[in-house]
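Here the structure is laid out as C-alpha cells; the discussion comes afterwards.
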Amino acid sequence: MKKNRGMIIAFLTPAVLIFLAVFLYPIVRTVFMSFFKIGSVTDSFDLWEFVGIANYQKLFGTPIFIAAMKNIVKIWLYGGIIVMLMSLLFGVILTSGIRGKKVFRAIIYLPNIVSAVALATMWRQYVFAPDYGLVTSFFKMIGADKLAETLWLAPENSFKALLVAYCFGMIGYHMLIWMSGIERISPDFYEAATIDGANKIQQFRYMTLPLLKGVFKTNVTMWTVSSAAFFVWSQLFSSVTANNATIVPVQYMYMQIFGAGNAVTERNAGYGAAIGIILCLCVVLVFTICNIFLKDDDLEF
C-alpha cells in the first residue's frame, strides 16, 4: 500500500480537484449567495449586500413563488403517481416473456432521446392544437364534441396539458429502472412460487413488489430530482411570459437571476440562489424520508 501511495495520489488528485471545482465550490457559493442581495452573478464580492435571511422571508411572502411551489408539488405528486404506475406496468409486461420486447422497449423509451424542446413543441402544436390537434381530432371522431371544443392550452387547462405531456416523456426512463430491478429477481423464485400454488397476481404482490423496494426508492429519488429541475416544459407551455398556472420554482429563479418576465423589476442573484437552496432541501427531505420508510436491508435476491 505504501509503495502505491504515490500512484494512488496521482490518480485521485485530478478527480478530487474536479469535484471541488465543479461540485463543491458552486454549492458552497450558492449557499453563501443566498444571504446577500446581488445584482448579477458576475458581480464582485464588494458589490454584494448582506441581507441575512431576508431573501428567504421574502420568498415565502411572495404569491408567485407560493404558486410555483404548489405547482411543483402537484407535478411531483400527481405526475409521480401516474409515471410510477404506468412505468411499473410496462416494466412488468416487458419482463413477462412477451414477444418483441426490444421493439416495445425502444418505442416506449423513444421520447427520452428526443429534445424536451422538440417534444414540448410537438405537444403544443400537433397534440393540443385547438383546430387540428390529435386530441381534438380524437374526440371529434368518437363524438365527444364538448371535449373536442376544449381549449387545452388555455390558462385554466394548461397545467393539465403540461402534466400529461411531461408524464408521457418520463415513463420510458423509469420503466427501464423497474425492468433492471425485475430482471435481477431469480426465475427460481417464481418457479418455486408456482409450485406452491401462487398465481401471477400473488407472485407480484408478495414477491416482486417487496423485492423492488430499493428500485422504488431509486425511482422516487430520480423523479424528485427531475421534478425539482423542471424548467423547459414550463417555459414552453407559457405563451409569452410566465403563467401562474404553469410556473415552477426554477422558472421563477431564472426570472430573478436574469430579469426575465414582467413580474421582475430588478435582478437579484442572491434571491435566486435562495430558491435553489430551498429546492435542494426538498430533494434531501424526500431522499431522507425514502431511506427511513423504504428499507430493504432484510431482503435478498
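Quick look at the values:
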read-out: In the stretch 123-152, the residues that are closer than 24 Å to N112 by Cβ and either buried (at least 18 other Cβ atoms within 10 Å of the Cβ) or in contact with a strand residue (DSSP E or B) (Cβ under 6 Å, 6 or more places away or on another chain) (or both); value: W123, R124, V127, F128, G133, V135, W152
read-out: Breaking point among (1) in a helix (DSSP H, G or I); (2) open to solvent by 60 Å² or more (accessible area, probe 1.4 Å), for G97; value: (1)
read-out: Residues satisfying the stated conditions in the stretch 133-163, i.e. in contact (Cβ under 8 Å) with a residue 40 or more places away in the chain and assigned to a helix (DSSP H, G or I); value: S158, F159, A161, L162, L163
read-out: Unmet requirement for V250, which otherwise passes all of (1) over 30 Å from L153 (Cα atoms); (2) of a type in the set (A, V, I, L, M); (3) part of a helix (DSSP H, G or I); value: (1)
read-out: Test set (1) in contact with a helix residue (DSSP H, G or I) (Cβ under 6 Å, 6 or more places away or on another chain); (2) among the charged types (D, E, K, R); (3) loosely packed, with under 14 Cβ neighbours inside 10 Å - R105 fails condition number; value: (3)
read-out: Those residues of the stretch 153-169 which are within 30 Å of I98 (Cβ to Cβ) and open to solvent by 30 Å² or more (accessible area, probe 1.4 Å), in sequence order; value: V164, F168
read-out: Residues within the stretch 196-231 that are assigned to a helix (DSSP H, G or I) and at pLDDT below 85, tallied; value: 1
read-out: Long-range neighbours under 9 Å by Cβ, at least six apart or interchain, first residue in contact (Cβ under 8 Å) with a residue 40 or more places away in the chain and within 18 Å of V92 (Cβ to Cβ) within the stretch 102-125, second in a helix (DSSP H, G or I) and among the aromatic types (F, W, Y); value: R105/F90; I108/F90; Y109/Y173
read-out: Qualifying position, being open to solvent by 70 Å² or more (accessible area, probe 1.4 Å), of a type outside the set (S, T, Y) and either in contact (Cβ under 8 Å) with a residue 40 or more places away in the chain or closer than 22 Å to A229 by Cβ (or both), among L59, L89, L85, L24; value: L24
read-out: Positions within the stretch 36-48 being within 14 Å of N268 (Cβ to Cβ), of a type outside the set (D, E, K, R) and open to solvent by less than 70 Å² (accessible area, probe 1.4 Å), in sequence order; value: F36, I38, G39, S40, V41, W48
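The values are calculated or read from the model by the stated rules, or taken from the named source; none is laboratory data. Everything quoted here is computed from the prediction, not taken from an experiment. In this analysis, Cβ positions are derived from the backbone assuming ideal geometry, glycine residues included, and neighbour counts consider all displayed protein chains. Note: areas computed on protein heavy atoms with side chains; ligands, DNA, RNA excluded. Shrake-Rupley method; radii C 1.70, N 1.55, O 1.52, S 1.80 Å.
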